[in-house]
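What follows is one structure encoded as structure tokens, with my remarks underneath.
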Amino acid sequence: MNIKRLTTTILAFAAITYTANAQVKLASLFTDGMVLQQQTTVPIWGWDKAGTKITAITSWDKKTYSAVADASGKFTLKVTTPVYGGPYQVTVSDGKPTILTNVLIGEVWICTGQSNMEMGMQMTGANNDIATANFPNICLLTVPHGVALEPQSILECRWQPCSPETVSHGQWNGFSAVAFYFGRDLNRELGVPIGLIQSAWGGTIAEAWTSAEALETMGDFKDSLASVNALTQTGKNKPYSQVYDEWYAQHEDGSKQGWEKVRVNVANWQAVRMPQSFDKVGLDNIDGTVWFRHEFIALETWPGSEGKLALGQIDDEDTVWINGVEIGQTHRVDRERNYVVPAGIVKPGSNVIAIRVLDTGGGGGLLAR
């Protein structure tokens, strides 16, 4: 795990919601309730029509800062921040103002790493600390998980004040416990606003946090980078889920044979009892895909409305179908699989659930909830 202080770093996970003819759009790092690093020069960036002059007026010094959107529409304003304080306003305008309110100036930290950093407050069982987590001068931003072949410009995240509700909800049962306790202690010791940016993902490896340009300097990654580059070219302008499915359709026997369909010959399949790990059913030390099928009977009184399918955790990735219709896929091991089953898919009588599990290393399996 790692906690880094944020000063003038241009963050790679900045998000935009820009459309060609709209007023100025800011990266979603810049929202109401944000915290900016004190006593430094802070970049504020976004997108507008190429060639447009953008201005920012900061209420703490009443100064006007300006920039021009480049050929791609991107602009970066650099504003000077005072000693800690607030709340303030920042008005960014191309003629139509976007006003950011409740802006605080203080200390901003990036909290990044694997599962020990990502583990949320609810996972710690710290019910009293959750109930008393009313710290309006501590603000939280969680960078959402996403799998993609290229760096992304669009993410959904925004700043939120620290409260019992915001610390108990998040990607892995709440906001990062490590980050929360760090920020709370820092706020108490320094008496200044604290901004905490959680950008963590359990189980990730160092290479996943390293740019392709840096990996290219190390020969060990030559073949892997070539594979990723080839996949990126074939997957341009496609969502990752589509590329994922197309790869399986080409390379994996189950997809070629339609094992997700209702009518499949499974006479030679092995019956297993789940949930349990793969090593308990004779698949230890095997990395790859394993398919499961389960038939269930819906009563004649089945209402036919939308439903939910709860599968617990699956190690590592999965795609799930009911009656040949894909209802969801997940690309991480530590998340409960709770899929929405659209109305009309489950019929009275016999129905089939098909699950394709990709084990990329370690145990693998359908795990207990």
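Is it true that some residue in region 328-336 is out of contact with any His (no Cβ under 7 Å at 6 or more places or on another chain), assigned to a strand (DSSP E or B), open to solvent by 20 Å² or more (accessible area, probe 1.4 Å) and within 24 Å of ALA271 (Cα to Cα)?
yes
Rundown of residues vs (1) touching a strand residue (DSSP E or B) at 6+ places or on another chain (Cβ under 7 Å); (2) touching a residue at least 12 places away in the same chain (Cβ under 8 Å); (3) loosely packed, with under 15 Cβ neighbours inside 10 Å, yes/no style:
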site: GLN257; (1), (2), (3): no, no, yes
site: ALA271; (1), (2), (3): no, no, yes
site: GLY282; (1), (2), (3): no, no, yes
site: GLY288; (1), (2), (3): yes, yes, yes
site: GLY304; (1), (2), (3): no, yes, yes
site: LYS308; (1), (2), (3): yes, yes, yes
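If I ask for residues that are of a type in the set (Val, Ile, Thr) and modelled with pLDDT under 80, which ones from region 233-249 would you list?
Across region 233-249, the qualifying residue is only THR234.
Among the candidates VAL90, VAL103, which residue alone is closer than 19 Å to ARG158 by Cβ, at pLDDT 95 or above and in contact with a Leu (Cβ under 6 Å, 6 or more places away or on another chain)?
Going through VAL90, VAL103 in turn, just one is closer than 19 Å to ARG158 by Cβ, at pLDDT 95 or above and in contact with a Leu (Cβ under 6 Å, 6 or more places away or on another chain): VAL90.
If ILE138 satisfies all but one of (1) touching a helix residue (DSSP H, G or I) at 6+ places or on another chain (Cβ under 7 Å); (2) open to solvent by 60 Å² or more (accessible area, probe 1.4 Å); (3) assigned to a strand (DSSP E or B), what's the number of the condition it fails?
Every condition holds for ILE138 apart from (2).
Kindly indicate the residue of region 190-217 that is assigned to a helix (DSSP H, G or I) and more than 15 Å from VAL108 (Cα to Cα) and also least open to solvent (accessible area, probe 1.4 Å) among those meeting that condition.
Residue satisfying both the conditions and the ranking: LEU215.
Which is modelled with pLDDT under 95 and touching a strand residue (DSSP E or B) at 6+ places or on another chain (Cβ under 9 Å), of VAL42, VAL35, VAL24, VAL68?
Exactly one of VAL42, VAL35, VAL24, VAL68 is modelled with pLDDT under 95 and touching a strand residue (DSSP E or B) at 6+ places or on another chain (Cβ under 9 Å), namely VAL24.
Within region 148-166, identify whether any single residue is more than 30 Å from PHE75 (Cβ to Cβ), open to solvent by 30 Å² or more (accessible area, probe 1.4 Å) and of a type outside the set (Gly, Ala, Ser), and answer yes or no.
yes
If I go through region 149-168 residue by residue, how many of them are at pLDDT below 90 and either among the aromatic types (Phe, Trp, Tyr) or farther than 22 Å from PHE30 by Cβ (or both)?
The number of residues fulfilling the criteria is 2.
Across region 218-228, which residue is least open to solvent (accessible area, probe 1.4 Å) among those that are part of a helix (DSSP H, G or I) and modelled with pLDDT of 85 or more?
The selected residue is LEU225.
When you check GLU150 against the structure, is it under 24 Å from TYR240 (Cα atoms), assigned to a loop (DSSP other than H, G, I, E, B), within 13 Å of the chain's Cα centre (by Cα) and of a type in the set (Asp, Glu), yes or no?
No: the conditions fail for GLU150.
Just to be sure, is LYS261 in a loop (DSSP other than H, G, I, E, B), touching a residue at least 60 places away in the same chain (Cβ under 8 Å), out of contact with any His (no Cβ under 7 Å at 6 or more places or on another chain) and over 30 Å from THR204 (Cβ atoms)?
yes
Can you tell me how many residues within region 337-351 are in contact with a Gly (Cβ under 8 Å, 6 or more places away or on another chain), hydrophobic (A, V, I, L, M, F, W, C) and either outside any strand (DSSP E or B) or open to solvent by less than 60 Å² (accessible area, probe 1.4 Å) (or both)?
3
The values are calculated or read from the model by the stated rules, or taken from the named source; none is laboratory data. Note that this is a predicted model, so its numbers are computed, not measured. Methodologically, a virtual Cβ is constructed for each residue, glycine included, from the backbone with ideal geometry; neighbour enumeration extends over all protein chains shown. Remember, those area values only see protein heavy atoms, side chains included, never the ligands or the DNA or RNA. Shrake-Rupley method; radii C 1.70, N 1.55, O 1.52, S 1.80 Å.
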